[in-house]
1. Within the range 3-21, which residues are at pLDDT below 90 and surrounded by 12 or more Cβ atoms within 10 Å (Cβ to Cβ)?
2. Given the residues 264, 340, which is the only one that is within 25 Å of the chain's Cα centre (by Cα) and over 25 Å from residue 33 (Cα atoms)?
3. Return a yes/no flag: does the range 173-190 have any residue that is at pLDDT 95 or above, on the phi < 0 side of the Ramachandran plot and in a helix (DSSP H, G or I).
4. Are any residues in the range 245-254 crowded, with 22+ Cβ neighbours inside 10 Å and either touching a strand residue (DSSP E or B) at 6+ places or on another chain (Cβ under 6 Å) or not in a loop (DSSP other than H, G, I, E, B) (or both), and if so, which ones?
5. Would the range 282-289 turn up any residue that is within 27 Å of the chain's Cα centre (by Cα) and not in a loop (DSSP other than H, G, I, E, B)?
6. How about the range 65-83: which of its residues are in contact with a strand residue (DSSP E or B) (Cβ under 6 Å, 6 or more places away or on another chain), within 16 Å of residue 178 (Cα to Cα) and surrounded by fewer than 16 Cβ atoms within 10 Å (Cβ to Cβ)?
7. Going by the conditions given, is residue 86 over 27 Å from residue 220 (Cβ atoms), without any contact (Cβ under 8 Å) to a residue 60 or more places away in the chain and touching a strand residue (DSSP E or B) at 6+ places or on another chain (Cβ under 7 Å)?
8. Take the residues in the range 209-242 that are at pLDDT 95 or above and in a loop (DSSP other than H, G, I, E, B), then tell me which one is nearest to ligand 1 (Cβ to nearest atom).
Ligand SMILES: Nc1ncnc2c1ncn2[C@@H]1O[C@H](COP(=O)(O)OP(=O)(O)O)[C@@H](O)[C@H]1O
Ligand code: SF4
Ligand SMILES: [Mg+2]
């Protein structure tokens, strides 16, 4: 088993809740992350999945040091990065980079693609001396499957999928070892999601990257992950290999989430049991005692209100060699297969969209394939004024990218403010609350954050 490159122990982030205007008094705390443990092994992809508001982005931000933990440790190659001096931290940060959720807001519209991707070199000039930067950025564009000639273009001249490639190129600029990808495909059309996921997989092999891949869509997480951690209200409640989690889940919350995953085969769909969790997700400012899932759990008993279940192999499976023998924070963990067994040819790692199964790796595609992803502004010149245009081109999805140098590539306008952190404003989605098990299920997913139907467009995720 590969060794852990990153160890997270009892990671906590509480945001104080205050009252009063002049004399602010703390009246409570939003327990956004409330004791998270996991290991990330060298070269693996750890998927983290959970409903909106469960703390995924907050974990991501702490991993890349955009947020300081309230307590807990994040150990990278033996050093707790939460306690490093600013100088030592700078070196570590180079090795842990983030790809943000929303390619529409995470790229500064006033900066050229070259400046966006090359921006990290301003902070880490040792990686690319000034004279070498343009070539490095063009290499990165090439690596993510974009035409290096587009270095002087602006984000609005690219489609959503292409913008996310730019975000990925920026994440790769400093040659990191770890990439934390926070819902990197949630804001993209379903038709483009698989292409970006395939690109990430290819880059992982090429650069021996380790990924923390965050999503609320269980099917995407399964596709890319070696192991999966399921998060609920600030904690990981179950973690295991993708087969353990998808085929042998033991935590009731995982089972409920899985029961909402779209099943393509209508026959299998009829036979599966749908578990509907009704009511609201409790507020992270008011977490239930004992097991935090108990207000929605159909199996809850008295013990659940009194004792916090630890994330460990449940006693019932400790002495077995069953795939149910993996960590699960439930006093009454039981194996329950929710998703029907995969039929032949629909193995867990199947591409997300059958029509894309035959496509070679994303970057091998020529840029003007005509795929929805690969659109641009044929014939458009890079007029300086374009930087001021709204981000969305009038009809970006209609014309294929023009190959070759962009005409009129003019001087690079001055840089605007640094790109924001890219996370879309997050808000807890209204969830479900009181627990109700309904074997006969409406097609409505239990929560707005559940995976979209395989053939429908995905709206921007709010998580
Ligand atoms: N800066 C902040 N101040 C107060 N509460 C916050 C802040 N950032 C996030 N939260 C709250 O923390 C919880 C977890 O948020 P987040 O990590 O964004 O969840 P997710 O990414 O899983 O949707 C949410 O209830 C959110 O409202
Ligand atoms: S500990 Fe109790 S409430 Fe929590 S998931 Fe298990 S059965 Fe449900
Ligand atoms: Mg989020």
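1. Matches in the range 3-21: 18 only.
2. 264
3. No - not one qualifying residue is present in the range 173-190.
4. 245, 246, 250, 251, 252, 253, 254
5. Among the residues of the range 282-289, not one is within 27 Å of the chain's Cα centre (by Cα) and not in a loop (DSSP other than H, G, I, E, B), which makes the answer no.
6. 80, the sole residue that qualifies.
7. no
8. 234
The values are calculated or read from the model by the stated rules, or taken from the named source; none is laboratory data. This structure is a prediction, so every number in the text was calculated from the model and none was measured. Neighbour counts are summed over all protein chains in view; Cβ atoms, including those assigned to glycine, are modelled from backbone coordinates with ideal geometry.
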